[in-house]
Amino acid sequence: MIGVEVAEGENTVNTAPTTVEVFASCLRHAMDGRGLKQADLIRMAADRGSKLGKSQVSQYVSGKTLPRRAVVQLLADILEIEPFELTGESWAAEYESTPASAPAARAKSAGPAALAPATADGAPALAPATPDGAAAPATSAFIPSSPAMSDPPGRAEARPAAAFPEPRTFADRSTSSSHSEGNIMSENTRTFKKSSKLDNVLYDVRGPVVDEAARLESEGAHILKLNIGNPAPFGFRTPFEVIQDMREQLPECEGYSDSRGLFSARKAIMQYAQLKGLSNVSMDGIYTGNGVSELINLCMQALLDTGDEILIPSPDYPLWTACATLAGGTPVHYRCDEQADWNPDLADMEAKITPRTKAIVIINPNNPTGAVYAKEVLEGIVEIARKHQLMIFADEIYDRLCMDDAEHVSIASLAPDLFCVTFSGLSKSHMIAGYRIGWMIVSGNKRLGEDFMLGVNMLSNMRLCSNVPAQSIVQTALGGHQSVKSYVAPGGRVCEQRNYVYEALNAIDGITAVKPKAAFYIFPKMDVKKFNIRDDEQFALDLLHQKGILITRGGGFNWPEPDHFRIVYLPPMDVLHEAMEDLAEFFETYRQR
Ligand code: PLP
C-alpha cells in the first residue's frame with residue numbers, strides 16, 4: 001500500500017534493501033497488480049490443496065520472513081508469474097542452490113533492487129527491517145493442506161487478529177526485558193528517572209498506542225497509520241523549485257545565521273504578514289524556528305511562571321498544553337463547541353479567566369477538528385482579550401489549507417492594540433515537515449510585551465539559530481505559485497479525501513463527524529452508550545489489535561470525554577477505502593469490555 005510502507009521520519013530505513021525486503025516489495029507489487037489481498041493468497045493456496053497460515057503470509061508481505069523455495073513457487077503460481085519475479089534473477093540462482101531453511105543468513109546480500117517496485121519518487125519501496133536490519137529466520141512455512149481446513153477467510157481477515165500478535169499490556173513490557181549481561185541490576189545500582197517536570201506532560205500523538213503499534217509491526221503485523229499529519233510519506237511531494245533552491249544555496253548555509261533567522265526569510269515572512277493584515281510588524285519581531293514546535297516551547301518558557309494560567313482550546317494540538325505544563329504554567333482548557341462547527345465557546349473561555357491568566361491560545365485552522373473560525377468568533381475572542389488584558393497566541397500553521405469557501409482571517413489583524421504572536425511554517429503547506437522550518441511574528445502593541453521579548457531574545461540566542469538550509473527556501477516557498485492550492489481545491493487530493501472520509505464516517509451507525517474546512521484531520525464522535533466506551537485509549541488499542549488501524553484517541557488532544565478520535569486523511573484513496581471499510585466493520589460489533 002502506498003504511503004503506509006514508508007514509516008514516519010524516525011522509523012525510516014535508510015539502508016539498501018535487503019533480500020527479504022525486496023521479496024516483500026515484489027510480492028506486494030504483484031498482489032497489488034492483481035488486486036489480491038493476503039486472505040486471497042491463503043484461499044487460493046487452499047484451492048490448490050496447500051495451506052498457508054495467516055501470520056505466515058503477513059510475515060512475507062511485511063518483509064519479516066523469507067518463504068521456502070516451495071512456497072515461493074506456490075506464490076508465483078498463484079500470482080501467475082515466474083518465481084524470479086519475486087526473488088530476482090541473480091538471487092534466484094543462489095536461492096535455488098542453498099537449503100530452503102537458510103535464506104535469512106543471506107538477508108543482507110545485495111537484492112535485485114531493479115526489480116523492486118518503485119515508490120512515487122522512484123526509490124525502491126522498502127518495508128521496515130527488523131531492529132538490527134536482518135531478516136527474521138524463515139519458518140517451516142509450507143504446510144500441506146489438512147482435510148479439516150476451514151472456509152476461505154473473508155476480506156476483513158486480510159489483516160486479521162491472528163496476524164497481530166497477542167496484545168501485551170504496558171506493564172508486561174516494562175517487566176519483560178531479558179536478563180542479558182547488560183541489564184542485570186543489583187539493589188544498589190543507580191538508575192536514572194525522567195525529571196518530575198515531565199510528570200504531567202502528555203503527548204499522545206506519539207504515545208503508548210503508537211508504541212504498541214510499533215511492537216506489532218516489529219512482530220510482522222501491517223498497520224494502517226492514520227495518526228500523524230506528515231504529508232510526505234503519503235505521496236505529497238515538496239514543490240521541485242523549493243528543493244532546487246535549497247540545493248543551490250546549500251554551500252552558503254554552513255554557518256549559523258542571525259538567531260532570529262536569515263534576512264531573506266524574515267523579509268518574505270514580513271511581506272506575508274502584511275498581506276494577512278497584521279499591524280506593526282517589523283523585521284526584529286520575526287523569528288524563525290525548527291518548526292513551529294520549537295517556537296511554541298520557546299514562548300511558553302519565556303512567558304510562564306509557576307502557576308501562571310494560559311487558556312488553551314480543548315481539543316487542542318497537544319504540544320501547546322505540553323509546553324505550557326513543562327514551563328511550569330497551568331493550562332486551562334476552554335471548550336470548542338462541536339454543535340457550532342467546533343468554534344470556541346466564548347462564554348466558557350471567559351468564565352475560565354482568573355487573575356493569573358496571561359494569554360489565550362487559538363489554533364485556527366484547527367488541529368484536530370479542521371475548523372476555520374468565523375470572523376465574528378475571532379472578534380469575540382479579541383474582545384475578551386482586550387477586556388482582560390491578555391496576550392494572544394495564534395497558531396495558524398494550516399492557514400493555506402482552507403477548503404470550500406472558508407476564508408482564513410488572522411486574529412492579529414483584528415487586534416492592532418493587543419500584543420499578538422502569530423505562528424506559521426512550511427511543514428504542512430509545502431509538505432516539508434522534515435525540513436523543520438516555522439516562524440512567529442510579533443504584532444500589535446509591542447510595548448505591552450517588551451519584557452517578554454527580552455526573554456524570547458535570550459532563549460532565541462541560546463539556541464543559536466534555526467536550521468539555515470531550511471530558512472534559505474522560505475522566500476521561494478512563500479512567493480509565486482502556491483501548489484498547495486490545487487490539493488485543497490475541489491477535485492484536489494486533500495479535498496476529495498476529506499469528502500470521502502467525511503461521508504464514510506457519517507455512514508457508520510453510531511459515528512458522527514463535523515465536516516472539516518481545512519487541514520487534513522477529522523475528529524469524529526462515537527456514541528459511547530452504543531459501543532459501551534469508557535476508555536478511549538482502550539478503544540484505540542482494540543481498533544489497533546482487531547483491525548491494525550492506528551488512530552489518535554480524543555484524550556490525546558486534551559478532550560475530556562472518551563467519545564472522540566482523530567483520523568488523518570492524508571493516505572491515498574485506496575488506503576482510505578480500506579480503512580473506512582475496516583472501521584465500519586469494527587463498529588458493527590464493537591462493545592468495549
Ligand atoms: N501547530 C499545529 C496546530 C500542528 O498541527 C503542528 C503539527 O502537526 C505544529 C504546530 C507543529 O508544526 P512544525 O512542523 O512547524 O513544528
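The values are calculated or read from the model by the stated rules, or taken from the named source; none is laboratory data. Small disclaimer: the values here were computed from a predicted structure and weren't measured. Here the Cβ positions follow ideal geometry from the backbone for every residue, glycine too, while neighbour counts run over all protein chains shown. For the accessible areas, the whole protein counts, side chains as well, though only heavy atoms, and no ligand, DNA or RNA atoms are used. Shrake-Rupley method; radii C 1.70, N 1.55, O 1.52, S 1.80 Å.
Please specify each residue of region 273-298 satisfying the condition of being over 24 Å from the mean Cα position of the chain (by Cα), more than 12 Å from C465 (Cα to Cα) and crowded, with 21+ Cβ neighbours inside 10 Å.
A273, L278, V281, G285, I286
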Open item on the list: Can you tell me which residue is farthest from A265 (Cα to Cα) among those in region 194-224 that are within 14 Å of the ligand (Cβ to nearest atom) and not in a loop (DSSP other than H, G, I, E, B)?
Closed with: D204
- [ ] Looking only at region 34-42, decide whether some residue is at pLDDT 85 or above, open to solvent by 10 Å² or more (accessible area, probe 1.4 Å), farther than 30 Å from I551 by Cβ and part of a helix (DSSP H, G or I).
- [x] no
Open item on the list: Residues to consider are L319, L326; find the one that is within 16 Å of the ligand (Cβ to nearest atom), surrounded by fewer than 23 Cβ atoms within 10 Å (Cβ to Cβ) and within 20 Å of the chain's Cα centre (by Cα).
Closed with: L319
TODO: Answer yes if at least one residue in region 453-473 is open to solvent by less than 10 Å² (accessible area, probe 1.4 Å), within 11 Å of the ligand (Cβ to nearest atom) and either out of contact with any Gly (no Cβ under 8 Å at 6 or more places or on another chain) or closer than 30 Å to P524 by Cα (or both), and no otherwise.
DONE: yes
Task: Of residues in region 203-229 being touching a Ser or Thr at 6+ places or on another chain (Cβ under 7 Å) and under 16 Å from T321 (Cα atoms), the one most open to solvent (accessible area, probe 1.4 Å) - done: D204
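Among the residues in region 301-312, are any of a type outside the set (D, E), closer than 30 Å to G479 by Cβ and open to solvent by 30 Å² or more (accessible area, probe 1.4 Å)?
Step one: of region 301-312, the residues of a type outside the set (D, E) are 301-304, 306-307, 310-312.
Subset that is closer than 30 Å to G479 by Cβ: none.
No, every residue in region 301-312 fails to be of a type outside the set (D, E), closer than 30 Å to G479 by Cβ and open to solvent by 30 Å² or more (accessible area, probe 1.4 Å).
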TODO: Within region 271-284, work out how many residues are touching a residue at least 40 places away in the same chain (Cβ under 8 Å) and not small (G, A, S).
DONE: 6
TODO: Give me a count of the residues in region 489-545 that are in contact with a Leu (Cβ under 8 Å, 6 or more places away or on another chain) and within 16 Å of the ligand (Cβ to nearest atom).
DONE: 5
Task: Single residue of I381, I353, I397 found to be open to solvent by less than 10 Å² (accessible area, probe 1.4 Å) and among the aliphatic types (A, V, I, L, M) - done: I381
- [ ] Could you run through region 234-247 and say how many residues are outside any loop (DSSP other than H, G, I, E, B) and either open to solvent by less than 20 Å² (accessible area, probe 1.4 Å) or hydrophobic (A, V, I, L, M, F, W, C) (or both)?
- [x] 5
TODO: Hey, can you tell me all the residues within region 434-452 that are in a strand (DSSP E or B) and more than 16 Å from the ligand (Cβ to nearest atom)?
DONE: V442, S443, G444
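Filter region 502-523 down to the residues that are touching a Gly at 6+ places or on another chain (Cβ under 9 Å) and farther than 21 Å from V484 by Cα and list them by number.
Scanning region 502-523 gives V514, F523.
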TODO: Please find, among V494, V514, the residue that is over 23 Å from G207 (Cβ atoms) and either open to solvent by less than 10 Å² (accessible area, probe 1.4 Å) or modelled with pLDDT under 95 (or both).
DONE: V494
Open item on the list: Here's a check for you: in region 405-415, which residue that is more than 15 Å from the ligand (Cβ to nearest atom) and among the hydrophobic types (A, V, I, L, M, F, W, C) is surrounded by the most Cβ atoms within 10 Å (Cβ to Cβ)?
Closed with: A412
- [ ] Go through the residues of region 559-570 one by one and say whether even a single one is in a helix (DSSP H, G or I) and among the β-branched types (V, I, T).
- [x] no
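Does at least one position in region 294-314 carry a residue that is within 11 Å of the ligand (Cβ to nearest atom), closer than 24 Å to P355 by Cβ and not in a loop (DSSP other than H, G, I, E, B)?
Within region 294-314, one or more residues are within 11 Å of the ligand (Cβ to nearest atom), closer than 24 Å to P355 by Cβ and not in a loop (DSSP other than H, G, I, E, B).
For every residue, the table says whether it meets (1) of a type in the set (V, I, T); (2) touching a Gly at 6+ places or on another chain (Cβ under 6 Å); (3) within 11 Å of the ligand (Cβ to nearest atom); (4) more than 24 Å from N297 (Cα to Cα).
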| position | (1), (2), (3), (4) |
| --- | --- |
| N366 | no, no, yes, no |
| G380 | no, no, no, yes |
| A385 | no, no, no, no |
| E396 | no, no, yes, no |
| M403 | no, no, no, yes |
| S424 | no, no, yes, no |
| I432 | yes, no, yes, no |
Open item on the list: Looking at (1) touching a Phe, Trp or Tyr at 6+ places or on another chain (Cβ under 6 Å); (2) in a strand (DSSP E or B), which one does M431 not meet, given that it meets all the others?
Closed with: (2)
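Every residue, every condition in (1) under 16 Å from P315 (Cα atoms); (2) open to solvent by 30 Å² or more (accessible area, probe 1.4 Å); (3) in contact with a His (Cβ under 7 Å, 6 or more places away or on another chain), yes or no:
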residue: D509; (1), (2), (3): no, yes, no
residue: F520; (1), (2), (3): yes, no, no
residue: L541; (1), (2), (3): no, no, no
residue: G554; (1), (2), (3): yes, no, yes
residue: V568; (1), (2), (3): yes, no, no
residue: H577; (1), (2), (3): no, yes, no
- [ ] Sort out which residues of region 10-28 are open to solvent by 30 Å² or more (accessible area, probe 1.4 Å) and at pLDDT 85 or above, and write them in order of number.
- [x] none
Open item on the list: Residues that are of a type in the set (S, T, N, Q), at least 1 per element: which helices (runs of 4 or more DSSP H) completely within region 464-557 meet that?
Closed with: 468-471, 474-478, 484-488, 493-506, 536-547
Task: Check on T422, closer than 28 Å to Y373 by Cβ, of a type in the set (S, T, Y) and either open to solvent by 60 Å² or more (accessible area, probe 1.4 Å) or touching a residue at least 12 places away in the same chain (Cβ under 8 Å) (or both) - done: yes
